[in-house]
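First comes the structure, then the notes that go with it.
FYI, it's all coordinate maths here, none of it is from the lab. Keep in mind it's a predicted model, so treat the numbers as computed, not measured. No Cβ is skipped: glycine too gets one built from the backbone with ideal geometry, and neighbour counts run over all protein chains shown.
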Amino acid sequence: MNFAQPQWIAAGLLCCSAIYLLHLHLEKKRNLALQVFAAQTLLAGLTRNVSSNKRKIRLFLLLGTVFFCFMALARPQYGHHWIEVKRKGIDILFAIDTSASMLAEDIRPNRLERSKFAILDFVNRLEGDRVGLMPFAGSAYLMSPLTVDYHAFEQSLQAVDTTLIPDPGTNLAAAITQAESVLRNDANHKLLIIVTDGENLQGDAIAAASTAAERDLTIFTVGVGTPEGELIPLKKGDSPEFVKNDSGQFVVSRLDEQSLRDIAQKTDGLYAPLGNRGQGLQTIYNEKLILIPKEELAEKRHKVPVERFPWFLGIALLLLFVEYLMVSRRIEGLAFQLPRKLRGKTIMMLFLLPAAIFHSPSAIMASPGEQAFQEEDYLAAAEYYDNALADDPDNAALLYNYGTAAYKNNLHDEAITSFNRALQSDDLLLQQKAYYNRGNAQFKKGEESLQADPRKTIGHWQNALASYEASLQLQPDNKEAAANHDFVEKKLEELQQRQQEQNKEEKNQGEKDTDSENGNQNSSEQEPPPEQQDKEGENSGEIAAEPEEQERGGREETTEPEEQEDTEKKSQPESSKDGEKQRQGQEGKMSKEEARQLLEEMKNEDGTLNFIPKTDHKPSNTQGRNW
C-alpha cells in the first residue's frame, strides 16, 4: 500500500486535532452553563440519562469519518494492472537559418531556398511524427508549433525569408535554448535539426548543446554552402551589388563545418553537409530516424497502480452512518435509535454501501482520453475521442473533447469543424465553451497564414472575434473570453493598419511609375529624333488622319515609347519586307490602303499577328513609312 499524495494524511491529522480541541472547548462551556443553571447536588440527577461514554464514541466516529475522507484524498494505491500505451512518436523541430549569408548562391538557387526544398522532401517521408519550424538569425522564435498537419507546416516554411527576423547574425545558442523550451515534453524522441551555414556564431553554442544533451535532446546539424564560399548578394539585376565590410572589401560567406560538427557530437547527433540536392537531410533520415527501434514506436504495456480510494471513502461513509444512528442517552438494551421516517431509506443505504466500498475503481476513474489529455499526450487523447465518435458521432461532449485535443495538436481546421458540430447541443454551458475554444482555434489558424497571406489572416481573426462575442453573450462575466476578444481585436487593428499602409505605398509607387512613363512619352514627343524631324513635314498630316491604325498596329516613331518600337521592329516579317521592296521599286512608296490590307493579312482571327519573328532577324529602317 502506498499513497500518491501523502500530504493529505498530514492535513487530515491536523483537521481531526482541531475538531477534538474544539469539542473539548465546547464541553467545558456546557459544564459551566449547567453549573449556572442548577446546583452541584442536582446535576447528577438531571444528567443521569446522558451517557458520557457514548458521547465520546460518537466523537471518535466523527473524527474517524473526517480522517478517512482525507485518506481517500491521499489516493491510496494497492496492486497494479497493465494497460496498452500507444506510441508518442518523434518530435522533430527544424531550426532554419535566415541570416543574410543564406542568400549566397554557391548552391542553386541559393542556400535558403535549397534548404527549404530539402526540408519539404524530408517531411514528406514522415508518417505521423510531429514537426515544428523555428527560424533564427540573431534571435529565434517558434513560427510553427509541433504538429502532424504537414500542410500547415509547408505553408509556414514557404513564408520563411531573410527579412523575417530583424536581428542580424547567426545565434545558434539562442536557437538551441529556444528549442529546449519547445521540446519540453515526454515524447519518445526529441530531435532538433539545425540547418545553417554556421558562420558568425554568437553566444556559447557548445555549452547550450551540452545543456540540451542533459534534457535528452538530440541535435543534428546540416551545413549549407561550400567551404570555398560565395559573395552575399544585396541586389540582383543588371548591376548586382554584394555585401562589403568596413574596409570596402567584398565579404565571402564560407561554410563552418567544424563548429556544426562539435555541436552535433555533444548530443550524440550527426553532422551532414546539405549538398546540391539536399543529400544531408536524406543522410540523417537513413542513418538515424530509420534506425529507431520498432518496439519504441509500437504499442507497449505499462504497469499502472490501482487506486483504492473507494475503500477509505466507503469506511468514512460507514462511520458517519453509525454515528448518525447512535444515541447518547443511557437506555437499557438500546444503543442505536432510528427515526421512523428514515427507516426505509436507511435499509436501502445498507444495501448500497457494500457496492460503494467494493466497487471496481476502474469504473469511477477518468476515461483514458481524459487521462491522456491531463498527461499532455494529446495525440492519444484525440485518437480515443475519434474512436468514441465512431460509435456516437452526434455526441456533443465527445465532439467538444475531440476538438480540444485537435487544437492542442495544432490541427486547427479539424478543431474548428468539431466545435461547430458541438454547437448543435442544447447545453448552453457547452455552447459557451465551444464558442470560446473555436475562437482560440480561429486565431491560431490566422497566425499560420500571417506571413504568407495577411488577408486570409484578417478573415480568420474576424471569425475569432465573432466566436468570442458569441461566448460572451452566453456568459457575459467570462473574463478569459473578454481578454482574448480585446487581444485579438488589437492585433486585427494593427494588421489592418499595416495592410492599408502597404496598399497606399503600392498605389503611390504605381502612380510614380505611371508619371515616369508619361514623362518619357512627353519628352519623346517634344524632341523627335533627327531623322524624324527631317521627315516630319512629309508624314504629319497623314498620321493625324489615321489615329486608329497607330493603336491597332501602325506606329510613328515620334509618338510611341522606345519599348514599343523594338516590339514593332521585331514583328515585321520578311515576307512583308520583300513585298514592300517590290512596291518601292514600282511606286517608290506604299499607299495607305495597301498598308492596311497587308496588316489584315498578317492578323489571325483573334486580332494578333500570326507570325513569329526570328531572333536573328534585323528589320531595315522603316522611318518615313506611313504604316
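Taking other C-beta atoms within 10 angstrom as a stand-in for reagent exposure, Arg277, Arg421, Arg596 fall in the order Arg277, Arg596, Arg421, fewest first. Net length available on complete extension from Leu428 to Asp268 is 52.3 nm, with 0.36 nm assigned per residue and the Cα-Cα distance removed.
Taking label points 7 Å from Cα along the Cα-to-Cβ direction, Ser17 and Phe37 give a separation of 3.3 nm.
Sorted from fewest to most neighbouring beta carbons within 10 Å, what does the list His80, His412 look like?
His80, His412
Each pair of Cα atoms in region 368-498 enters the Kirkwood radius, and Stokes-Einstein at 37 °C and 0.692 mPa s then converts it into a translational diffusion coefficient of 218 µm²/s. Summarising the amide proton neighbourhood of Thr226: residues at separation of 5 or more, or on other chains, whose placed amide H is nearer than 5 Å comprise Leu255.
Couplings for region 65-74, taken from phi via the Karplus curve 6.51 cos²θ - 1.76 cosθ + 1.60 with θ = phi - 60°, read 4, 5, 5, 6, 5, 5, 5, 5, 5, 6 Hz in order; Gly and Pro are left as x. Close amide H contacts of Ala140 (hydrogens built in the peptide plane, cut-off under 5 Å, sequence separation of 5 or more or a different chain): none are found. In this structure the amide hydrogen of Ile90, modeled in the peptide plane, comes within under 5 Å of the amide hydrogens of Arg130, none closer than 5 places in sequence on its chain. Its Cα gyration tensor gives region 367-437 an equivalent ellipsoid, and the semi-axes of that ellipsoid, as √(5λ) in whole Å with the largest first, are 18, 13, 11.
Taking 25 °C and 0.890 mPa s as conditions, region 90-297 diffuses translationally at an estimated 143 µm²/s according to Stokes-Einstein applied to its Kirkwood radius (Cα pairs).
Within region 90-297, DSSP assigns beta bridges of which about 25% are antiparallel (rounded to the nearest 5).
Between Gln473 and Gln5, 0.36 nm times their residue separation minus their Cα-Cα distance comes to what?
Details: separation 468, 0.36 × 468 = 168.48 nm, distance 4.03 nm.
Length difference between fully extended and current span is 164.5 nm.
Relative contact order of region 368-498: 16 percent, from C-alpha pairs under 8 Å at least 6 residues apart in sequence. Considering only the Cα atoms of region 54-155, their convex hull presents on average a projected area of 13.3 nm².
Counted by neighbouring Cβ atoms within 10 Å, the residues Phe3, Phe250 run from fewest to most as Phe250, Phe3. Couplings 3J(HN,Hα) for region 487-501, derived from phi with the Karplus relation 6.51 cos²θ - 1.76 cosθ + 1.60 (θ = phi - 60°), are 5, 5, 4, 5, 4, 5, 5, 5, 5, 5, 5, 5, 5, 5, 5 Hz, where x marks Gly and Pro. Here the spin labels are modelled as points 7 Å beyond Cα on the Cα-Cβ line, and at Thr177 and Glu493 they lie 3.4 nm apart.
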